[in-house]
Amino acid sequence: SEYKILVTARDEGPVYTVFVKENNRPGAHLLSVSASDPDVRENAFVSYSVVERSVGEQQPVSSYISVHSESGHIYGLQPFDYEELQVLQFQVSARDAGFPSLCGNVTVQLFVLDENDNAPAVSPPGSGRGSPGPELVPLSAGAGHVVGKVRAVDADSGYNAWLRYEVQEAGAAGPFRVGVYSGEISTTRALEEADGPSQRLVILVKDHGEPALSATATVSLSLVESPQAVKWDSRQRVGSEGPLVDMNVSLMIAICSLSGLF
């Protein structure tokens, strides 16, 4: 005959958003939160604190930031690293000095901005083919023949990780060029004996950050007359990349067996 129902009205609360560049100075002021209390005297005295929680690998949020209890100023306690943490979300509690004490929470979203603090990392020569030796190039190769590839990665993001390749000494490139964004090394013309038995290219890899960071890769090229050496080297490269070896061997056995049957 009678029901008692408790209805709670709750607003969504404000959300503070702040953008901070990584490698910030420890102790730097990041932002401030503010709360008001319509009571008087101690009932209106507000103090601020961080609502503790774990971040990432069980690191407390209080190890990243601190809040001044009276002003609500929030400070960074350590430099942020974009490669480890992109967003730090936490809550700040505002509590009055009344009895009983009343409080309210606000959410803070701190976005870490990437800076160009990582130089390109170039893979060791031969890492993509299992052999550290020079690239073998047949003298019969015409213009546009791809002879190798420089591989590099950048731990940053966006433009800071966008890489471009160029020959460090353009005059020393001879009949070879490198793709600006692909890193592929190819011939610009037909090769000649006058080009010599070998070439050594120094490839500069740069990102698009401000300021740009760079690394270099040295590629050795051996010009050979016999295309058999190049084919044999190519067969070694394929074999170093995994299950293709077993498939090629099985194919050879099947062809030989079929020939023997005929």
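Can you give the net charge of the other residues whose Cβ lies under 12 Å from the Cβ of L88, counting K and R as +1 and D and E as -1?
Values: positive: R53; negative: E22, D81, E84.
Every neighbour counted, the sum reads -2.
Which length gain, in nm to one decimal place, applies between S62 and Q109 when the Cα-Cα distance is subtracted from 0.36 nm times their residue separation? Intermediate values should be presented prior to the final figure.
Values: separation 47, 0.36 × 47 = 16.92 nm, distance 1.46 nm.
Result for the pair: 15.5 nm of gain on full extension.
Just for the Cα atoms in the range 128-190, what are the lengths along the principal axes, largest first, rounded to whole Å?
41, 29, 18
Check which residues have an amide H placed less than 5 Å from Q168's amide H, if you skip close sequence neighbours.
For Q168, the qualifying residues are V202, I203, L204.
Nearest 20 debye, what's the magnitude of the dipole of the range 1-152 about its Cα centre given +1 on Lys and Arg Cβ and -1 on Asp and Glu Cβ?
Values: 10 positive and 18 negative charges, 104 e Å.
The calculation lands at about 500 debye.
Summing +1 for each Lys or Arg and -1 for each Asp or Glu, what net charge is found among the other residues whose Cβ lies under 11 Å from the Cβ of N43? Display every interim value, and only then the final one.
Details: positive: R41; negative: D37, D39, E42, D96.
Summing Lys and Arg as +1 and Asp and Glu as -1 gives -3.
Check L113: other-chain or 5+ apart residues with amide H under 5 Å from its amide H, H built from backbone geometry?
V20, K21, E22
HN-Hα J couplings of the range 208-214 from phi, Karplus 6.51/-1.76/1.60, θ = phi - 60°, integer Hz, Gly and Pro as x?
Result, rounded to whole Hz: 9, x, 10, x, 6, 10, 9.
Only the coordinates and a few stated rules stand behind these numbers; no lab work does. Only a predicted model underlies this, so the values are computations on that prediction, with no experimental measurement involved. Because the Cβ atoms are built from the backbone with ideal geometry, glycine has one as well, and the counts that use them run over all protein chains shown.
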